[in-house]
Structure formats: C-alpha cells, structure tokens
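The values are calculated or read from the model by the stated rules, or taken from the named source; none is laboratory data. Keep in mind that what you see is a predicted model, and the values were worked out from it rather than measured. Positions of Cβ are generated from backbone atoms using ideal geometry, with glycine treated the same way; all protein chains shown enter the neighbour counts. In case anyone asks, the SASA skips ligands and DNA or RNA and just uses the protein heavy atoms, side chains included. Shrake-Rupley method; radii C 1.70, N 1.55, O 1.52, S 1.80 Å.
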Amino acid sequence: MRLRHENRGQAIACAEAAHRLLPELARPLSMLATLYEDSRRRQEAITAAQRARHAKASPFELVDIGRQLSRMGDNETALVVVKEGYDKSGQNSSLAPYALRVAMQCADWDFVEQLTRQLLAAHHRGETDSVGETPRTHALWCDDEAINVNVASAFARKAFPVRPPLALHAHAGVALRKLRVGYLSYDYREHATSLLAMGALRHHDRDRYELFGYCTSFDDGSALRRDILSRFDKVTSFADVSDEAAARQIFQDQIDVLIDLNGLTEGTRLGILAWKPAPVQISYLGFPGSSGGRFIDYVIADAYTVPPGREMLYPEKLIRLPDTYQINDYLARYLPPPPRRRPSDLPASGAVLGVFNNVNKISREVWRTWMSILDAIPGAVLWMLEPGEVAKANLRAEALALGVEPARIVYAPKCRQEQHVARMRLCDLMLDTWPYGGHTTTSDALFAGVPVVALEGKNFASRVSGGLLKAAGLGSLVLPTPSAYVQCCVDLLRHPQRLRVMKQQLLERRHQLPVFDAIGRTRYLEAAYTAAHQRALNGLPPEHLRVNHRRQLPQMTNPS
C-alpha cells in the first residue's frame, strides 16, 4: 500500500487489475474500498467493502472488512463480520485491536470487555509489539500511561522506520531572518484540530515568525479550511507526495521548527518527520500522548495532563505550558444564542445532561455512572450524540437493566459547529467520559457557558478535561472517583442556583480565564519554540522545558 500516498490513481489501477485477475478473493476488493474512501469516492468504497464481505477472505481480512464497513456506517454488518473473523482466527490477540474498534462503536460492551481483557493480559506478558494496537483506539480503554507509551512506540517503530536525517543541525543565518515554523497536518478542514490550531495561527507574531502550512489532506470545501490555510505565509500540499519528497521540500524551505498536528491519529504522515527535515520537531494537539520519540524531539503538554515525574515514561522531551496546553480562540468567535425553539424530543422541564463525545468513549462503567445520576434525579434526561442504531439498541438494553427508562435518553443529530455550540447552551450540565475524556468537546461546553463534570484521570488522554476545567476556574468539578462524580452531579442538579452562578461566571469572566486566552497561549507557544530552537542552535540535545506563568487564575464561586 505504499502507492496509497504517493500515487493513489496508480494504486487504484493496480488493485482493480488484481480484482480482475482474482475476482473470488476479498483482498483486492478490501484494498479498493480503502483507496476509494481515501479518494472521497464513498459509494464505490461501500460497494467494494460489501462485495469483499462475500468473497473468499482470511480471518484477518474479515476483521479488516468489518472495520471498513463500520467506518462507512454499516455497523450492524460490521459487528457480525468482525466477530466471525475473530472467532475463525481462534480469537487471535493480533485481531483484537481491530475488532475492538468496531465493538466500541457499537457499544457492545460484553465484546469490548472480552477484547480488552485479552489485550491487557498480552501487554502484561510483554507482547505489545506483536499485538499491534493502534494508539488512538488503545487510549479509549487503557489509562496506564506506561502501557500507552509502549503501544505508541511499538506502532511508530513498525509503521515509520527512521530514515537518514536531512537536518543534522540548525540552519545557518537564522539570526538574519524570522524563525520559520512549519505546521504539518491532515486536518486542515472541518475538524476539531483546525479549530484549535486557529488560535495560534491567528495570533502569531508575524514580525518574528514566518509560517509554513503543509497540508496532507483533501479539500472538503469548508470555510474553515480556507480560513486556516490563509493564515500561512506559504502553503504546500503533500496529499499525493511521497514522504521523502515532502521531507526534502520542508528541508529546502529551511524550516527551523516543525510542528506535527496529527500525532498517531488517522491520516498521520509521521513518515515525513522520520527523515528529520527540521532541526526541531514537535508533536502538538492532534494526539494526547507520545508519538514514539526517535525523530520527534518534544511533546507539548502541561503540568496537569502530564504531572511532574511522568516525563520519565516518554521517549520525547516534554514542553509544559502554563494552565492548559490546549489553545482555544473562542473570544474571536461568535457565541450563538440558544435555539429559539427547544428541540421537540427534549422535555419541557427537567434537567438536561449533555454528552457530546463519540459513543466509542463510553464504557459500561461510565454508562452505569450516568444511569446512577438519572436514577437520583427524577425527570432528568441524558442528551447524547446520535450513536447509530446498533449502539442505541445496546444502550437501551443497558439502561433497562439498570432500571432507567430508555425514553430518558435523547439523541442529538450531528450538525455544524455553530449550531452545536448553540444547542449546548440548553444543557444544565455536561458529563465527561473516561478514560478518554473530552478535549474540544469540553472546551466547546465551557465556551457555551455550561459546566462540565470530569473524572481525574491517570494519563494524558484522561486528564485533558480536568486541565481545561482548572484553567476555567472550575477545578472543583474534577472528581477523584466515579462515586464522587455522581455525588457532585446530584448535588449540583438538586441546587440549580449553584449551576446558574457557575454558568453566569463562565460567561462574564471569559476574558479573564486562561482557557480562553489564545493570545497569551500563543506567546507561551512562541517562547517554547524559541527555547527549543535555541538549544538546537547551540548544538545541545532536546531537554524538558517549562514555560512560566504570567498571570493569576481567577477562581469560580461555588455557592452553598
């Protein structure tokens, strides 16, 4: 599949030729489904995946076909196919990660728990390399940071071997020009990472920094894509360019600091950074954790998401920003009013508990915790993102088993960002997930003026919400245990005046809160970039860096 990135048209032609030669085999059809999907030819991708399901397939191919069908929205068939492939393999642990992705999307928690028990045992036996989990799906269930880092490192070693480095030292003559910062991303489109990255790109000091945008994604035609690309001094597309060619272009541009905005997420082009095209290479925003080190010099975090002492687990060096590592430029955005008409499926009265994270972040423990809250607050409803029919059926069954009427679970369709923030304002309280908590979802809720209750996590992915809440002066809403989480929610919902005060303070004090201070956050980022580059300029290796505070954080009132 090397041609997938370098020449997609040729890759499609090869896969089509293979299918004509071997029409009975699933593999060529599965490859075509992936390539068509990459090319935004969705209906052809769905057709190829459905035909592959009925062709001759190995257990691994069956699981992969199920994963493709799930991505294309057919979760009912996907779950059947992955279970068939997994069972035919003798429940091989190397297929568990792919089956797990589908099981989580379907909220099939019996299957999820079977798979995660198997994976955890394999990690404890030292079999992380052979299991081959993808870091993003792994982070949805495992909050052991040492295992998280091992999974990321194993995945990166296998997928992105180190290449001969291009930038052996800092570029000469930098004192006579602006510092050149390159941002590499697959997400320059309608995507949460772009919404966050805009905070820095709007506010960079253009007298001191020259910005290069390196785009590896497709054009979705969105206004956000046009906006974010307009913020760069120079934009180069690497969508159909090999890793080596892309790296050589970055090196030729004499980039001083290269920021990878994907990490180990979908669409990553970490193979470009494997050539070390810049003297300083940093992972930021896209993935909450390690990218496997080696050619990644730094990961940007903060003292809460990665507490002091945890840096020893990381192969990269850490850059810790004050308050929160996340950058949110909400003050530059319009806060829409709540919808004039309440959605018909929300009750006219009663508390509304919002859950706008993807269903794959919801575990049985999380669901039982939420059902305990509904049980304690008569009339309250859980308002969650539409998860699909298979997941809804499983969620309803779990609710009934816990004595909660499924009618108290209401589903919200996907919508555009502005509409989404507007409807969030109808919520009395937002509920966070764990071990992979909300990131942009949490900051969106705070922007909408809605408090979020979160669990104090044990690893990067599970502590982002807590860091955002602390940076919003709402540290009291970060709880140590699920039982304390329930008690906090119940207390707030039984005393709505407390919630009203919190909401009012979020809206009135937003100009004072670090969580919304994109300009200040950008200055911190620039200080980090400059410090990291100065070390490279001095011939020094990367070292842990901490950017100092500049102001005091106001705290929210929590009236009794």
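Compactness ratio for the stretch 7-115: Cα radius of gyration over 2.2 N^0.38 Å (N = residue count) comes to 1.05. For the chain, the Kirkwood estimate of hydrodynamic radius, built from reciprocal distances between every pair of different alpha carbons, is 24.6 Å.
Based on the Stokes-Einstein relation at 37 °C and a viscosity of 0.692 mPa s, and on the Kirkwood radius from alpha carbon pairs, the stretch 455-545 is assigned a translational diffusion coefficient of 205 µm²/s.
A protection proxy built from the mean count of other Cβ atoms within 10 Å ranks the segments 15-25, 136-146, 483-493, 263-273, most packed first, as 263-273, 136-146, 483-493, 15-25. Derived value for the stretch 109-231: Kirkwood hydrodynamic radius 18.2 Å. Basis is the mean of 1/r over every pair of different alpha-carbon atoms.
Kirkwood radius and radius of gyration were both taken over the C-alpha atoms of the stretch 283-385, and their ratio Rg/Rh is 1.11. For the stretch 487-539, the Cα gyration tensor yields ellipsoid semi-axes of 42, 14, 4 Å (square root of five times each eigenvalue, largest first, whole Å).
Averaging 1/r over every pair of different alpha carbons in the stretch 162-306 and inverting the result gives a Kirkwood radius of 15.3 Å. For the stretch 134-143, the Karplus equation 6.51 cos²θ - 1.76 cosθ + 1.60, evaluated at θ = phi - 60°, returns couplings of 7, x, 5, 5, 4, 5, 6, 10, 10, 10 Hz by residue, with Gly and Pro reported as x.
Relative to the current alpha-carbon distance between Ala146 and Lys56, full extension at 0.36 nm per residue lengthens the span by 28.4 nm. Note that the stretch 165-173 has calculated 3J(HN,Hα) couplings of x, 8, 9, 7, 7, 4, 5, 6, x Hz, one per residue in order, obtained from phi through the Karplus relation 6.51 cos²θ - 1.76 cosθ + 1.60 (θ = phi - 60°); glycine and proline are x. Per the Debye formula on identical point scatterers at the alpha carbon atoms of the stretch 463-505, with no solvent, log10 I(q)/I(0) at q = 0.13, 0.32, 0.34 Å⁻¹ is -0.29, -1.10, -1.11. In the stretch 228-272 the Cα-Cα distances spread across 10 Å bins starting at 0 as 23, 59, 19 percent of all pairs. For the peptides 289-302, 528-541, 246-259, 365-378, the ranking by mean Cβ contacts within 10 Å, running from highest to lowest, is 289-302, 246-259, 365-378, 528-541. Using the Cβ-Cβ distance between Ala18 and Gln497 with R0 = 51 Å, the FRET efficiency computed as 1/(1 + (r/R0)^6) comes to roughly 0.15.
With a point put 7 Å past each Cα toward its Cβ, work out how far Arg157 is from Glu127 in nm, to one decimal. Those two pseudo-labels are separated by 1.7 nm.
Projection of the Cα convex hull of the stretch 72-129, averaged over all directions and equal to a quarter of that hull's surface, yields 4.0 nm².
In the context of the full protein assembly, Glu37 retains an accessible surface of approximately 40 Å², using a probe radius of 1.4 Å and ignoring ligands and nucleic acids. Residue-wise HN-Hα couplings along the stretch 307-312, as the Karplus relation 6.51 cos²θ - 1.76 cosθ + 1.60 with θ = phi - 60° gives them from phi, are x, x, x, 6, 4, 5 Hz; Gly and Pro carry x.
By the equivalent-ellipsoid construction on the alpha carbon gyration tensor, the stretch 347-405 comes out with semi-axes of 18, 14, 11 Å, ordered largest to smallest. With contributions of -39500 (n - 2.57) from each DSSP H run of at least four residues, the per-residue ellipticity at 222 nm computed over the chain stands at -13500 deg cm²/dmol. In straight-distance terms, cross-link reach from Lys56 covers every one of the lysines whose alpha-carbon lies under 24 Å from its own, apart from those fewer than eight places away in the same chain; here that gives Lys83, Lys88. For the chain, the relative contact order is 13 percent, taking Cα pairs closer than 8 Å that sit 6 or more residues apart in sequence and dividing their mean separation by the residue count. In this simple spin-label model, placing a label point 7 Å from the Cα along the Cα-to-Cβ direction at both Arg416 and Glu508 gives a separation of 3.3 nm. Inter-part distance, the stretch 7-73 to the stretch 128-164, computed on C-alpha centroids, equals 26 Å.
For the chain, with all protein chains in place and a probe radius of 1.4 Å, 50% of the accessible heavy-atom surface sits on carbon or sulfur. Three principal axis extents of the stretch 401-535 based on alpha-carbon atoms, in descending order, are 61, 31, 30 Å. The rule of thumb for compact globular proteins, 2.2 N^0.38 Å, goes into the C-alpha radius of gyration of the stretch 311-362 1.95 times. Cα centroids of the stretch 101-115 and the stretch 210-263: 36 Å apart. Residues of the stretch 167-192 with an amide N closer than 20 Å to a point placed 7 Å from the Cα of Asp219 along the Cα-to-Cβ direction: 184-191. Multiplying the residue separation of Gln487 and Asp240 by 0.36 nm and subtracting their alpha-carbon distance yields 83.7 nm. Put simply, the amide H of Asp432, placed in the peptide plane, has neighbours under 5 Å in Val453, leaving out anything fewer than 5 places away on its chain.
In this entry, the stretch 421-496 is assigned a mean projected area of 4.6 nm², taken as a quarter of its C-alpha convex hull surface.
Packing here is the average count of other Cβ atoms within 10 Å per residue, and on that basis the peptides 93-99, 335-341, highest first, run 93-99, 335-341.
Taking amide H positions as modeled 1.01 Å from N, with prolines and chain starts lacking one, the residues under 5 Å from Leu479 and 5 or more places away or on another chain are Ala454, Leu455, Glu456.
Summarising the amide proton neighbourhood of Leu258: residues at separation of 5 or more, or on other chains, whose placed amide H is nearer than 5 Å comprise Gly182, Val280, Gln281, Ile282. For Glu84, the solvent-accessible surface with a 1.4 Å probe is about 60 Å², rounded to the nearest 10.
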